[in-house]
Amino acid sequence: MKPILIAILVIIAAAVGNFIFYTVDEAEQAIIVQFGEPIGDVVSEPGLKLKLPWQQVRYFDKRLLVWDGDVTQIPTLGREFILVDTTARWRIADPLLFLTSVRDERGARTRLDDIVDSVVRDMVSSTELEEIVRSKDWEVSAEALDDPALAERSDVNLKMQPKLGRELLEQEILNRARDSMPDLGIELDDVRIKRVNYISSVRQQVESRMIAERQSIAERFRSEGRGRSQEILGNMERDLRRIQSEAAKEAEQIRGRADAKATQIYGQAFGADPEFYSFFRTLESYRALGENSTLMLRADSDFFRYLERSQLQ
Amino acid sequence: MIQSVKSNGRGQQGPPDLQDLLDKLGGGGGPSGKLVVGAIVVIALIWAAMTSFYTVQPEERAVVKRFGAVIGITDPGLHFKIPFNIDQVQFVATERVLKQEFGFRTTSSEAGRASTYSAQQFEDESLMLTGDLNMIDVEWVVQYRINDPIKFLYQMREPTRTLRDISESVMRRIVGNMLGSEVLTIGRVEIQQIAGEEIQTLMDGYDAGIRISTVEMQDVVPPPAVQPAFNEVNEARQERERMINEAQKRVNQEIPNAEGGALRTVAEAEGYATERVNRAEGESARFSAVLAEYAMAPEVTRSRLYLETLDEILPTIGQVLVVQEGQLGPLPLLDVNRNSGGEQ
């Protein structure tokens, strides 16, 4: 009999314990509900707690929670369609209010979707894309602006200084979301723009623009190559002509000096008897006559005269 | 199990298939009843024994909770706790460097084999806008450690997911605040540093117990569709260098050659000059010598020279024509050559 009694006692104790004790986890806060009505303060200290057996416990997360928005397609002020993905962090600040206004986290998420999405939509559609992408301290160095690939860009104002920029825009979204949020027992901690991308049709346009940009740069490189090559070859041509003509000039000068010297020498030597020189030189010339030359002699020339004379004898 | 025993023990009427069990319990103080209670006690003891200790691995810390409230952190080793889930333990790998990958995933990193990476399907993560409103594909890794396990567990519900969201947001903000060309070239180190600091600041703001070790940029490239055009630019740059080099090569071929040619021209002229002067001197000397002799006997010498010369040249001359003054054409021909030619 005894063991069975003990067993039954243990079971009853466990059952009663189950009804009057409850634990609150480190990550949780709890509200006691009695006949559907919340009773007493929020239990935020973790540990083992007591309650009346007919009371129920509702648990709520105490930690910072993540809200992740859907990727939404929004036109900016400049009419580009972009995809915006936002994320936010929130917590259940007032479980009592939370319980009565949105019941549970799913309810809260739906409300957050509505509020944050519409604020983001409003802000993005009233802002230039540059504002969303850049930050307040945006600056372009002068040398970057000299880059022809950028200088040719007419669709984007590179120097445009954002009035807000990404960070302050996020802050503004947070402020507005907080303002437009009714008392739901929710505290919005921050809202961040996670991703901003072009929609696919705009993306294709941007890609083809980038391709055209690159091709223009490539063409410039090629043309530069050709230009430099021409310049080098031109310089070479100039140098070649200079070298050759200088050499020719010097050669002619040398020849000229030599000719003058020779003339002077001949002059001195032949000047002694010009008549004999003519005779002597003419004979030299005869020697230089080649084969098959035709020699015309006057009948009264010396040679012929002697020839005749010898025939007569 | 306790629950089912309880309900069946109270209700005297149960399903017929539990008749055996009811008999054993309701039958009172028989030896079989003792056996059942004993078994329950033994099972409870085994359960207690099994849930009263735990081991913490070297790279971990354990957060111990009693009735849900944190009572402490334990170091690696064997530890005891109160059983029946009164003490609960959560393990956190505080000593390990953890990493989050963006734009790609390491798909296999078995020991001794090279890791393989998959970048497909993560374009959404890696594609972002630069300050000049172009697109760029950035892959990066955030390495971090959990430096406060209690905060890590109880400040945020999804700290890792938050870390991912924040990393993406921060990276896009930084890249959006730079020109695409800067991101592709010089911006890397700067981005890594700023991103690390900014992510850390934000995570500290959430009190998430995470310490960022490094942010490392991996592949930073233009979007896939534009990459061929970027390659074309590189090729064009190479082509420019090649064209310049080729022109330079031609210069190097031709200029020294021309310089050599110039030297040759000058040297030849000098050769000519020397020859010309020498000949002039030689001929002058010869003439002067002959003239000296001629002065002594002009008539004889003159005839001798004339005839000697004709002697020499007539055998080689083709034709000799004799022209008589007053006649129109050449006179009857003296064909010296034909005769001498016949003899030769």
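The values are calculated or read from the model by the stated rules, or taken from the named source; none is laboratory data. This structure is a prediction, so every number in the text was calculated from the model and none was measured. When we count neighbours, we look across all protein chains shown, and the Cβ atoms used for this are built from the backbone with ideal geometry, even at glycine.
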Matching residues in region A:148-206 - criterion: being surrounded by 20 or more Cβ atoms within 10 Å (Cβ to Cβ), of a type in the set (Asp, Glu) and part of a strand (DSSP E or B): none
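Would you check if residue B:226 is at the interface with another protein chain (Cβ under 7 Å from one of its Cβ atoms) and closer than 30 Å to residue B:165 by Cα?
yes
Got a number for residues in region A:21-38 being exposed (fewer than 13 other Cβ atoms within 10 Å of the Cβ) and in contact (Cβ under 8 Å) with a residue 12 or more places away in the chain? Give the derivation first.
Restricting attention to region A:21-38, the residues satisfying the condition of being exposed (fewer than 13 other Cβ atoms within 10 Å of the Cβ) are A:21, A:35-37.
Still in the running and in contact (Cβ under 8 Å) with a residue 12 or more places away in the chain: A:21, A:35.
Going through region A:21-38 one residue at a time, the tally reaches 2.
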Residue B:164 - would you say it is within 13 Å of chain A (Cβ to nearest Cβ) and under 15 Å from residue A:194 (Cα atoms)? yes
Among (1) closer than 28 Å to residue A:255 by Cα; (2) more than 8 Å from every other protein chain (Cβ to nearest Cβ); (3) surrounded by 12 or more Cβ atoms within 10 Å (Cβ to Cβ), residue B:268 falls short only on (2)
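Examine region B:214-230 for a residue that is in contact (Cβ under 8 Å) with a residue 40 or more places away in the chain, exposed (fewer than 14 other Cβ atoms within 10 Å of the Cβ) and assigned to a strand (DSSP E or B), and state whether such a residue exists. Spell out the reasoning first.
Initial filter on region B:214-230 (in contact (Cβ under 8 Å) with a residue 40 or more places away in the chain): B:214-224, B:226.
With the extra rule that they be exposed (fewer than 14 other Cβ atoms within 10 Å of the Cβ), the set shrinks to B:219, B:224.
Pick out the ones that are also assigned to a strand (DSSP E or B) and you get B:219.
The answer is yes; a qualifying residue exists.
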Lone unmet requirement of (1) surrounded by fewer than 17 Cβ atoms within 10 Å (Cβ to Cβ); (2) in contact with a helix residue (DSSP H, G or I) (Cβ under 6 Å, 6 or more places away or on another chain); (3) more than 8 Å from every other protein chain (Cβ to nearest Cβ) for residue B:194: (1)
Residue A:250 is checked against (1) facing another protein chain (nearest Cβ under 7 Å); (2) at pLDDT below 85 and fails just one. What number does that condition carry? (2)
Identify, by number, the condition in (1) over 21 Å from residue A:227 (Cβ atoms); (2) surrounded by 15 or more Cβ atoms within 10 Å (Cβ to Cβ) that residue B:254 doesn't meet. (1)
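Residue-wise test of (1) within 11 Å of another protein chain (Cβ to nearest Cβ); (2) part of a strand (DSSP E or B); (3) at pLDDT below 80; (4) within 18 Å of residue A:6 (Cβ to Cβ).
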residue	(1), (2), (3), (4)
B:12	no, no, yes, no
B:22	no, no, yes, no
B:36	yes, no, no, yes
B:44	yes, no, no, yes
B:49	no, no, no, no
B:54	no, yes, no, no
B:79	no, yes, no, no
B:85	yes, no, yes, no
Scan region B:136-150 for residues that are within 11 Å of another protein chain (Cβ to nearest Cβ) and in contact with a helix residue (DSSP H, G or I) (Cβ under 9 Å, 6 or more places away or on another chain) and jot them down. B:136
Top-ranked residue in region B:166-194 [being among the aliphatic types (A, V, I, L, M) and in a loop (DSSP other than H, G, I, E, B); ranked as nearest to residue B:204 (Cα to Cα)]: B:178
Taking only pairs six or more apart or across chains, which ones have beta-carbon atoms under 8 Å, a first residue in region B:302-320 that is farther than 18 Å from residue A:293 by Cα, and a second residue that is modelled with pLDDT under 80 and not hydroxyl-bearing (Ser, Thr, Tyr)? B:303/A:302; B:306/A:302; B:306/A:303; B:307/A:303
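Test residue A:230 against the criterion of being touching a Phe, Trp or Tyr at 6+ places or on another chain (Cβ under 9 Å), loosely packed, with under 14 Cβ neighbours inside 10 Å and assigned to a helix (DSSP H, G or I), and give yes or no. Working first, answer last.
Working: touching a Phe, Trp or Tyr at 6+ places or on another chain (Cβ under 9 Å): no; loosely packed, with under 14 Cβ neighbours inside 10 Å: yes; assigned to a helix (DSSP H, G or I): yes.
For residue A:230, the condition - touching a Phe, Trp or Tyr at 6+ places or on another chain (Cβ under 9 Å), loosely packed, with under 14 Cβ neighbours inside 10 Å and assigned to a helix (DSSP H, G or I) - is not met.
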Looking at residue B:180 and the list (1) within 12 Å of chain A (Cβ to nearest Cβ); (2) at pLDDT 90 or above, which single condition is not satisfied? (2)
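Go through B:153, B:163, B:133 for me and flag whichever is among the aliphatic types (A, V, I, L, M), part of a loop (DSSP other than H, G, I, E, B) and out of contact with any helix residue (DSSP H, G or I) (no Cβ under 6 Å at 6 or more places or on another chain). Outline the logic, then answer.
On the way: B:153 fails: part of a loop (DSSP other than H, G, I, E, B); B:163 fails: part of a loop (DSSP other than H, G, I, E, B).
Of the residues listed, the single one that is among the aliphatic types (A, V, I, L, M), part of a loop (DSSP other than H, G, I, E, B) and out of contact with any helix residue (DSSP H, G or I) (no Cβ under 6 Å at 6 or more places or on another chain) is B:133.
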Across region A:1-44, which residue is farthest from residue B:86 (Cα to Cα) among those that are in a strand (DSSP E or B) and aliphatic (A, V, I, L, M)? A:39
Residue pairs, Cβ under 7 Å, 6 or more apart or interchain, first in region B:22-51 and among the charged types (D, E, K, R), second modelled with pLDDT of 80 or more. List them. B:24/B:36
So residue B:188 fits all but one of (1) within 9 Å of chain A (Cβ to nearest Cβ); (2) over 21 Å from residue A:198 (Cα atoms); (3) not hydroxyl-bearing (Ser, Thr, Tyr); what number is the exception? (1)
Only one of A:239, A:259 is surrounded by 12 or more Cβ atoms within 10 Å (Cβ to Cβ) and either more than 7 Å from chain B (Cβ to nearest Cβ) or within 60 Å of the chain's Cα centre (by Cα) (or both), namely A:239
Kindly check whether there is at least one residue in region B:304-318 that is assigned to a helix (DSSP H, G or I) and small (Gly, Ala, Ser). no
Where the second residue is exposed (fewer than 14 other Cβ atoms within 10 Å of the Cβ) and the first is more than 18 Å from residue A:236 (Cα to Cα) and lies in region B:231-255, which pairs have Cβ atoms under 9 Å and are six or more apart or on separate chains? B:236/A:219; B:240/A:223
Residues that are without any contact (Cβ under 8 Å) to a residue 12 or more places away in the chain, more than 7 Å from every other protein chain (Cβ to nearest Cβ) and among the aliphatic types (A, V, I, L, M): does region B:276-284 have at least one? no
So residue A:51, is it at pLDDT below 90, more than 28 Å from residue B:202 (Cβ to Cβ), over 60 Å from the mean Cα position of the chain (by Cα) and more than 10 Å from every other protein chain (Cβ to nearest Cβ): yes
